[in-house]
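Peer 1: Take this structure, written in structure tokens, and hold onto it; I'll ask about it next.
The values are calculated or read from the model by the stated rules, or taken from the named source; none is laboratory data. Nothing here was measured: the structure is a model prediction, and the numbers come from that model. Neighbour counts run over all protein chains shown; Cβ positions are idealised from the backbone, glycine included.
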Amino acid sequence: MLAFSLSVQIATISRTQLTGCYSDYSSFTFNRNLATFTVTLIPSGNKSCAIFPPGVAANLTLASTPFYDSLGVIINNFDYYQTLQIVFSINSSVFEAGKDLDDFVDETFAVLHIFSYSEITQLELMIFDELKSDLSSCFKNSNLKVTSAGVELLTTPTGVCKLQMVVKDPLNPAQNSYINDIAVSVNNQKFELPNLSDFLTNYSTDTNISFSVNGDTSTIRQTAYTTASLQIQSVQGGLEISLTYPVSNITIASTANFFNPLQAFVILSNYTILAKFDMNLAIQAAFMAQLALTPYTKVVYRLTAQVGSNTFTHQISKTAPFNPNLRLLFISCSDGSENEQELCTNFYKIALDNTEVLWSIDILFYNDKDFVSLETTNLNILTSCFDKVTIQERDQELCASVIRRENITACTQLFNGPLNMVLQIYEEENLLDQGQHRMIKPYSSIGANETQFCFTCTDADTECKTALSMAGKSTSIYNLVVLNATKTTATPTQKIVKDNYKGSNLTPQILGGLILVASAVACILGILTTLRNIKMMKSKKNKL
């Protein structure tokens, strides 16, 4: 070890041993990203230590593996009172055979030697810390927008990386820390920053950084899930370092206000998923006029959901033209192949009552296989108070029989006060405005044992009659909504049964009538037979 060679040199050169130069609270810090040890010195103020010349050498000897040799550095501007930090770069020559920096875990003890030709001091370092490079936290609040023309990034500097965030100076060959390249990676597609110096200037002045990069984004925009990162290639202390900053807030650009946010939601209940996404009527006419000028042959409706590493995707395709009244996706986990049922069921269990799930709906337009455009929005999550809802169709009324969910605080609070029970009926591809397909019934409260709610139409209630006329159709979807002034819950279903209870009350009367008619017919036939037999007997008597 170099420490032993120093003792030989001391004996030969007879360096003056200087003691008590630094406080025992001096420390050393390891930066794995930069591959450096930094010794922070606290001078004791011992005047005898001020005799060190400007040119000195420093060695740092570490106690633990994998280091075989000491780290060394030459200092040309040393000052006992002013030199408060010494940085040691780690290179491959200091490691034991077959070892590298990944084998270093922790350190508890190190020895620092500072020496010139005639003086030397030794400091035992007992305070150690491992510090991530400041470059690991250079930015915050990064936002990415993907447009049809390219990508737009907006990020806020933290300001802690100003010394590193500098451009290379061609007139300074000794410069060993600078930024080489900055790019945005979106789904592994790279967009190079057009003006590196502007980016770095904004960073140095604590100014929000915004830049755009043009490029083909058609593949990105039609992909269900998007990831992005800001990537920086730098040289720090002569070492090449690659840094990646994930971008969590990603927006795919589409037509502004395309969807009505009040009617964009998803509901989970009884292993079914209902997504509703109304188009904004204020822009519908203008959008349809513009779409008529755009060549397209297919429209894809895609529901996506993501929480952590778990994802769910469901989509349907329709041939052109686009139907603005198709505003529902109803998914039952009992439909599809065994694999599809399993995927749906597993995600349903994860997503039920999980407010962290990000649900979104995409409407994608294609011209044959070529992507044209898309409309997209996130969906609100509505709570369901019922595990199961079955609709019973009766004469001039519909009844909803329910199985309640237990221990749902929002539902308990809702049921204990005044509320409205609303039965909405949707027809999947001919969805009417909400006010034209609903049946409403107010309640002062709902008792714990109430499991059936019936809706009856009056002659004047045209909305109710419209809804009733849609009941029983194979394309109809029913949504039982419970709401008050502050809370809204909903439960979708396609389960409906016909209850012919009024017809069944007439059955005994009808059967009795049929029996009477049959008896009368039998009597008449008997009389006719008897008369015929008498007539035949008289005829035989005359012949005799």
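Peer 1: How many residues are loosely packed, with under 15 Cβ neighbours inside 10 Å and touching a residue at least 40 places away in the same chain (Cβ under 8 Å) if we restrict to segment 247-278? Let's see the steps before the verdict.
Peer 2: Keep residues of segment 247-278 that are loosely packed, with under 15 Cβ neighbours inside 10 Å, which gives 248-249, 251, 256-257, 261-262.
Filter again for touching a residue at least 40 places away in the same chain (Cβ under 8 Å), leaving 248-249, 251, 261.
Summing the residues that are loosely packed, with under 15 Cβ neighbours inside 10 Å and touching a residue at least 40 places away in the same chain (Cβ under 8 Å) in segment 247-278 gives 4.
Peer 1: On to the next question. Considering segment 179-221 alone, what residues qualify as being of a type in the set (Phe, Trp, Tyr) and touching a residue at least 24 places away in the same chain (Cβ under 8 Å)?
Peer 2: Correct list: Phe191, Tyr203, Phe211.
Peer 1: Condition (residue is surrounded by 14 or more Cβ atoms within 10 Å (Cβ to Cβ) and out of contact with any strand residue (DSSP E or B) (no Cβ under 6 Å at 6 or more places or on another chain)) applied to segment 176-185: is it met by at least one residue?
Peer 2: Checked against the condition, which is being surrounded by 14 or more Cβ atoms within 10 Å (Cβ to Cβ) and out of contact with any strand residue (DSSP E or B) (no Cβ under 6 Å at 6 or more places or on another chain), segment 176-185 yields no hits at all.
Peer 1: Taking Phe78 and the conditions (1) outside any loop (DSSP other than H, G, I, E, B); (2) under 30 Å from Ser14 (Cα atoms), which numbered condition does it fall short on, given that it satisfies the others?
Peer 2: (1)
Peer 1: Oh, and also: Of Ala460, Ala485, which residue is surrounded by fewer than 16 Cβ atoms within 10 Å (Cβ to Cβ), within 36 Å of the chain's Cα centre (by Cα) and not in a strand (DSSP E or B)?
Peer 2: Answer to the selection: Ala485.
Peer 1: Next question, about the same structure. Could you tell me whether segment 294-314 includes any residue that is within 19 Å of Thr255 (Cβ to Cβ), surrounded by fewer than 14 Cβ atoms within 10 Å (Cβ to Cβ) and either in the same structural domain as Ile425 (by TED's automatic domain parsing) or not hydrophobic (A, V, I, L, M, F, W, C) (or both)?
Peer 2: Scanning segment 294-314 turns up at least one residue that is within 19 Å of Thr255 (Cβ to Cβ), surrounded by fewer than 14 Cβ atoms within 10 Å (Cβ to Cβ) and either in the same structural domain as Ile425 (by TED's automatic domain parsing) or not hydrophobic (A, V, I, L, M, F, W, C) (or both).
Peer 1: Also, quick follow-up: Considering each residue of segment 120-138, count those that are assigned to a loop (DSSP other than H, G, I, E, B) and surrounded by 18 or more Cβ atoms within 10 Å (Cβ to Cβ), and give that number.
Peer 2: Matching residues across segment 120-138 total 2.
Peer 1: Out of segment 434-457, which residues are of a type in the set (A, V, I, L, M) and surrounded by 15 or more Cβ atoms within 10 Å (Cβ to Cβ)? Reasoning before the result, please.
Peer 2: Quick first cut of segment 434-457, residues of a type in the set (A, V, I, L, M) only: 439-440, 446, 448.
Of everything in segment 434-457, those that are of a type in the set (A, V, I, L, M) and surrounded by 15 or more Cβ atoms within 10 Å (Cβ to Cβ) turn out to be Met439, Ile440, Ile446.
Peer 1: Also, I was wondering about something else. So Tyr117 clears everything in (1) over 24 Å from Asn249 (Cα atoms); (2) modelled with pLDDT under 95; (3) of a type in the set (Phe, Trp, Tyr); (4) buried (at least 18 other Cβ atoms within 10 Å of the Cβ) except one condition, right? Which one?
Peer 2: (4)
Peer 1: Looking only at segment 202-212, decide whether some residue is surrounded by 13 or more Cβ atoms within 10 Å (Cβ to Cβ), at pLDDT below 90, under 16 Å from Val167 (Cβ atoms) and in contact with a strand residue (DSSP E or B) (Cβ under 7 Å, 6 or more places away or on another chain).
Peer 2: No: segment 202-212 contains no residue that is surrounded by 13 or more Cβ atoms within 10 Å (Cβ to Cβ), at pLDDT below 90, under 16 Å from Val167 (Cβ atoms) and in contact with a strand residue (DSSP E or B) (Cβ under 7 Å, 6 or more places away or on another chain).
Peer 1: Output the residues belonging to segment 315-329 that are buried (at least 18 other Cβ atoms within 10 Å of the Cβ) and either of a type outside the set (A, V, I, L, M) or modelled with pLDDT of 95 or more (or both).
Peer 2: Phe322, Arg327
Peer 1: Within segment 330-351, is even one residue assigned to a strand (DSSP E or B) and in contact (Cβ under 8 Å) with a residue 60 or more places away in the chain? Don't jump to the end; show me each part of the working.
Peer 2: From segment 330-351, those assigned to a strand (DSSP E or B) are 330-332; that's our starting set.
Among the residues that remain, those that are also in contact (Cβ under 8 Å) with a residue 60 or more places away in the chain are: 330, 332.
Yes, there is a match, as at least one residue in segment 330-351 is assigned to a strand (DSSP E or B) and in contact (Cβ under 8 Å) with a residue 60 or more places away in the chain.
Peer 1: Consider Tyr348 against the criteria (1) modelled with pLDDT of 95 or more; (2) of a type outside the set (S, T, N, Q); (3) surrounded by 18 or more Cβ atoms within 10 Å (Cβ to Cβ); (4) closer than 27 Å to Thr219 by Cα: it satisfies all of them except one. Which criterion is unmet?
Peer 2: (4)
Peer 1: Could you say which residue among Phe67, Phe88 is closer than 25 Å to Gly238 by Cβ and touching a Gly at 6+ places or on another chain (Cβ under 9 Å)?
Peer 2: So the residue among Phe67, Phe88 that is closer than 25 Å to Gly238 by Cβ and touching a Gly at 6+ places or on another chain (Cβ under 9 Å) is Phe88.
Peer 1: Residues Ser148, Ser142, Ser185: which one is under 26 Å from Thr255 (Cα atoms) and either part of a loop (DSSP other than H, G, I, E, B) or in contact with a His (Cβ under 8 Å, 6 or more places away or on another chain) (or both)?
Peer 2: Ser148
Peer 1: When the residues of segment 139-163 are narrowed to those that are surrounded by 15 or more Cβ atoms within 10 Å (Cβ to Cβ) and of a type in the set (Lys, Arg), which ends up nearest to the chain's Cα centre (by Cα)?
Peer 2: This residue is Lys145.
Here's the yes/no breakdown for (1) over 30 Å from Cys464 (Cα atoms); (2) of a type outside the set (S, T, N, Q):
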position	(1), (2)
Leu352	yes, yes
Thr355	yes, no
Leu358	yes, yes
Tyr366	yes, yes
Asn378	yes, no
Thr383	no, no
Lys388	no, yes
Cys399	no, yes
Cys411	no, yes
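Peer 1: Suppose we filter segment 208-261 for residues that are of a type in the set (Ser, Thr, Tyr) and assigned to a strand (DSSP E or B); how many remain?
Peer 2: Within segment 208-261, residues that are of a type in the set (Ser, Thr, Tyr) and assigned to a strand (DSSP E or B) number 8.
Peer 1: Please tell me if Phe365 is in a strand (DSSP E or B), in contact with a helix residue (DSSP H, G or I) (Cβ under 6 Å, 6 or more places away or on another chain) and at negative phi.
Peer 2: No; evaluated as a whole, the condition is false for this residue.
Peer 1: Also, I was wondering about something else. Which of the residues belonging to segment 68-105 are closer than 30 Å to Gly20 by Cβ, aromatic (Phe, Trp, Tyr) and touching a residue at least 40 places away in the same chain (Cβ under 8 Å)?
Peer 2: Passing the criteria: Tyr80, Phe88.
Peer 1: I would also like to ask the following. For segment 106-121, which positions are of a type outside the set (Ser, Thr, Tyr) and either free of Cβ contacts under 8 Å to residues at least 12 places away in the same chain or touching a helix residue (DSSP H, G or I) at 6+ places or on another chain (Cβ under 8 Å) (or both)?
Peer 2: From segment 106-121, those of a type outside the set (Ser, Thr, Tyr) are 106-107, 109-115, 119-120; that's our starting set.
Within segment 106-121, Val111, His113, Phe115, Glu119, Ile120 meet the criteria.
Peer 1: Select, from Asn172, Asn176, the only residue that is part of a loop (DSSP other than H, G, I, E, B), touching a residue at least 60 places away in the same chain (Cβ under 8 Å) and out of contact with any Ser or Thr (no Cβ under 9 Å at 6 or more places or on another chain).
Peer 2: Asn176
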